[in-house]
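Participant: Can you keep this structure in mind? I'll have questions shortly.
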Amino acid sequence: MSMRGGPRGGKYLSEEEKQNAPKITKDLLIRVFSYLKPYWKQMLLVFAAIIVSSILSIYPSILTGRIIDEGLIGRNLNLLIKLILISLGVTLGSNLIGVLESYLNTWIAQHITFDMRNQMYQHLQQMSHRFFTTSSQGDIITRMTSDIDGVRQIITNTFRSILSNSITLVVAVVAMFQKNVILAIVGIVIVPLFTIPTRSAGKTRWSLTNEAQACNDEINGILNETLSVSGQLLVKLFGMEKYEYEKYRTVNEKMVNLNVREAMAGRWFMVVISTISSIGPMLMYLIGGILMMKYDHDLSVGDISVLVTLLGRMYGPVNQLLNIQVDWIRSMAMFTRIFDYFDLSIEIKNKENALIPETAEGDVTFDHVWFQYDEDKMILKDISFELKSGNSIAIVGPSGSGKSTTVNLIPRLYDVTKGSVRFDGHDVRDLDLAWLRDNIGIVTQETYLFNGTIRENLLYAKPDATQEEIEAACRKANIHDFIVSQEKGYDTPVGNRGLKLSGGEKQRISIARILLKDPYVMIFDEATASLDSISEKAIQDAIDPLIDDRTSILIAHRLSTILHADEILVIKDGEIVERGTHKELVNAGGVYTELYNTQFKIPEIEK
Ligand code: ADP
């Protein structure tokens, strides 16, 4: 669809595009050309090839005059054959140069976008967690794919089109003037006239294309929503198959109508164009004839033929050059969108001369930490605690109180607003980011597995792990037995985002993954919801022994985990409101007592 038009491909700028048209400044142009610069030698060759092939491609039209006058009318067979051979040879030559030019052009464009894609991917990988939680994923993917692809098209099409069409046009005009000034002027006057209907006919088609594009987006939306795993589940569970089908059918039908109308608009358009463009040559013959017959002008039949052929050769370039402005603005908009992303500043940066301590202990200190995601709301208020190497801390509190936020500050997913988080006595902002993250492992509530086998997912933590190491980790995580009971064992595919596995299985695989990574500090953001008591027990049996011999922080929802911790921090509305051991807190009558009575105690009794 987009090839035939669409917001990015048509001959006209949409209202939205007009409003968003970038200011084309010198800086922008310099920046665009800086991407072309490494390939200037190849580009020079392309320019030369375009010039030569454009001139050569016009030459046979000029030869037509001699073929007619000297060959045919002059009845000189030898010359006729010679001229025909030259004409064919020149056409062949021009086409061969065209091949070379296409190759070079494609090569350059591919290499420029290769550079851009890599640069963008690297840049995006340095973007903070905040960036990914805020931006839409679709937008990120679009910039990485279609926008950069747009840039490739600009280089292969727009730049090339400007150059080759201008040259063709200049050569054709010069050749026409050489043949006959009056007819050349007639040509120059009528060619733009004939391009006007093209433009207006194109407009109708463009609006249909736009409608079709919108319809297509709607269809994609429906498919995306209802044929995704969770969408289809919803449809099934609510018995909405028929409703969704009807909805799909209606848009699909609209699409059919639009496509038929669009194709037919194109057909009528062709009729109009071919009729109109045949008027041009006729006018040439008429005026040429009048000049020859009434004014005894020394025009020959060959000259008129040349002029008519040249006129025909001018339609294309004139039309394309008239549309260049649209392409140009669109191209610059594409570059601007890409540059916008390149200009996003890197929020969490590795400090220059960042520290890489020789060994790690795993002490974590929060020193009067304040934190806010957005200007207006303080999420963490004056959080202070110390986790000594080998000990464990349980963080408890109502949902939304700031527990996950607290632990996310340790591997620097975000930086503190005030105060400091220290690892082994060093402010985390002074430490090498890779080193820091290497020493901290987080099992998040929402476990993410890549689409691959269980083994591949485990190896992500330690690419050179041996089978023994993998199995040892899986035994500790209480998942080994499950894995070997599968037909393919460790080579079992986990499915899209690990959806072929249950929540509990995924969670235990992600625990095994962290165990393989073997960091100094382990953080468990305990999943509570969506787990049945058997899965929960299996996870509990995996986590609890780890707490005893590892430096760990647990965002805990179950009493057994909390009981294993050396200290309990109770967080409410971003503040530590109580701290101590279970014994000290359970009867204190504060937030912990309340949590205990509502959350921790009851499920334990039920078990
Ligand atoms: P908990 O883990 O205790 O359930 P969180 O640390 O996830 O709580 O969230 C604490 C508060 O911060 C909540 O009010 C939540 O809405 C807000 N919050 C969490 N993540 C973000 C984010 N990425 N951007 C803005 N606000 C957030």
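The values are calculated or read from the model by the stated rules, or taken from the named source; none is laboratory data. All figures in this text were calculated on a predicted structure; none of them were measured in a lab. Backbone-built Cβ (ideal geometry, glycine too); neighbour counts: all protein chains shown.
Participant: If the requirement is being within 16 Å of the ligand (Cβ to nearest atom), in contact (Cβ under 8 Å) with a residue 60 or more places away in the chain, on the phi > 0 side of the Ramachandran plot and surrounded by fewer than 21 Cβ atoms within 10 Å (Cβ to Cβ), which of these qualifies: Asp382, Asp415?
Facilitator: None of the other options fit; the residue is Asp382.
Participant: Determine if region 272-291 includes at least one residue that is under 25 Å from Cys215 (Cα atoms) and touching a residue at least 40 places away in the same chain (Cβ under 8 Å).
Facilitator: No, that holds for no residue.
Participant: Please determine, by comparing only the residues of region 451-469 that are touching a residue at least 12 places away in the same chain (Cβ under 8 Å) and over 18 Å from Gln486 (Cβ atoms), which one is farthest from the chain's Cα centre (by Cα).
Facilitator: Result: Glu469.
Participant: Can you tell me how many residues within region 270-294 are out of contact with any Pro (no Cβ under 9 Å at 6 or more places or on another chain) and either hydrophobic (A, V, I, L, M, F, W, C) or not assigned by TED's automatic domain parsing to the domain that holds Cys215 (or both)?
Facilitator: Final tally of qualifying residues: 12.
Participant: Could you please give the count of residues in region 233-279 that are at pLDDT 80 or above and of a type in the set (Gly, Ala, Ser)?
Facilitator: Of the residues in region 233-279, 1 are at pLDDT 80 or above and of a type in the set (Gly, Ala, Ser).
Participant: Is it the case, given these coordinates, that Phe366 is surrounded by 19 or more Cβ atoms within 10 Å (Cβ to Cβ) and modelled with pLDDT of 95 or more?
Facilitator: So Phe366 fits the description; yes.
Participant: Collect the residues in region 484-498 that are modelled with pLDDT of 85 or more and either in a helix (DSSP H, G or I) or not acidic (Asp, Glu) (or both), keeping them in residue-number order. Give the steps one after another, and end with the answer.
Facilitator: The initial filter retains those residues of region 484-498 that are modelled with pLDDT of 85 or more, namely 484-494.
Residues satisfying the conditions are Val484, Ser485, Gln486, Lys488, Gly489, Tyr490, Asp491, Thr492, Pro493, Val494.
Participant: Let me ask something additional. Which ones in region 363-379 are away from the ligand (no atom under 15 Å from the Cβ) and polar (S, T, N, Q)?
Facilitator: Keep residues of region 363-379 that are away from the ligand (no atom under 15 Å from the Cβ), which gives 363-365, 367-368.
Selection gives Thr365 alone.
Participant: State yes or no: is Asn252 without any contact (Cβ under 8 Å) to a residue 12 or more places away in the chain and either of a type in the set (A, V, I, L, M) or surrounded by 12 or more Cβ atoms within 10 Å (Cβ to Cβ) (or both)?
Facilitator: Working: without any contact (Cβ under 8 Å) to a residue 12 or more places away in the chain: no; either of a type in the set (A, V, I, L, M) or surrounded by 12 or more Cβ atoms within 10 Å (Cβ to Cβ) (or both): yes.
Taking the combined requirement at face value, the residue does not satisfy it.
Participant: Please indicate, with yes or no, whether at least one residue in region 150-161 is in a helix (DSSP H, G or I), among the aromatic types (Phe, Trp, Tyr), closer than 30 Å to Ile55 by Cβ and at pLDDT below 90.
Facilitator: For region 150-161, residues in a helix (DSSP H, G or I), among the aromatic types (Phe, Trp, Tyr), closer than 30 Å to Ile55 by Cβ and at pLDDT below 90: present.
Participant: Here's a follow-up. Being of a type outside the set (Val, Ile, Thr), crowded, with 17+ Cβ neighbours inside 10 Å and in contact (Cβ under 8 Å) with a residue 40 or more places away in the chain is the filter; apply it to region 427-444 and report the residue that is nearest to the ligand (Cβ to nearest atom).
Facilitator: Here the answer is Gly441.
Participant: Still on this structure: Going by what's in this entry, would Met255 be described as more than 32 Å from the chain's Cα centre (by Cα) and assigned to a helix (DSSP H, G or I)?
Facilitator: no
Participant: Just need a number here: residues in region 450-470 that are modelled with pLDDT under 90 and of a type in the set (S, T, N, Q).
Facilitator: 1
Participant: Also, quick follow-up: Taking the criterion of being buried (at least 21 other Cβ atoms within 10 Å of the Cβ) and at pLDDT 90 or above, would at least one residue in region 522-545 satisfy it?
Facilitator: Within region 522-545, one or more residues are buried (at least 21 other Cβ atoms within 10 Å of the Cβ) and at pLDDT 90 or above.
Participant: Part of a loop (DSSP other than H, G, I, E, B) and either in contact with a Lys or Arg (Cβ under 8 Å, 6 or more places away or on another chain) or away from the ligand (no atom under 16 Å from the Cβ) (or both): which single residue out of Leu501, Leu563 fits that description? First the steps, then the outcome.
Facilitator: Values: Leu563 fails: part of a loop (DSSP other than H, G, I, E, B).
The unique qualifying residue is Leu501.
Participant: When region 385-404 is examined, which residues are found to be within 11 Å of the ligand (Cβ to nearest atom) and free of Cβ contacts under 8 Å to residues at least 40 places away in the same chain?
Facilitator: If the condition is that a residue be within 11 Å of the ligand (Cβ to nearest atom) and free of Cβ contacts under 8 Å to residues at least 40 places away in the same chain, then Ser399, Gly400 are the ones that fit.
Participant: Would you check if there is a residue in region 337-348 being within 11 Å of the ligand (Cβ to nearest atom), in a loop (DSSP other than H, G, I, E, B) and small (Gly, Ala, Ser)?
Facilitator: no
Participant: Something else about it: Looking at (1) away from the ligand (no atom under 16 Å from the Cβ); (2) buried (at least 16 other Cβ atoms within 10 Å of the Cβ), can you tell me which one Met127 breaks?
Facilitator: For Met127, the failing item is (1).
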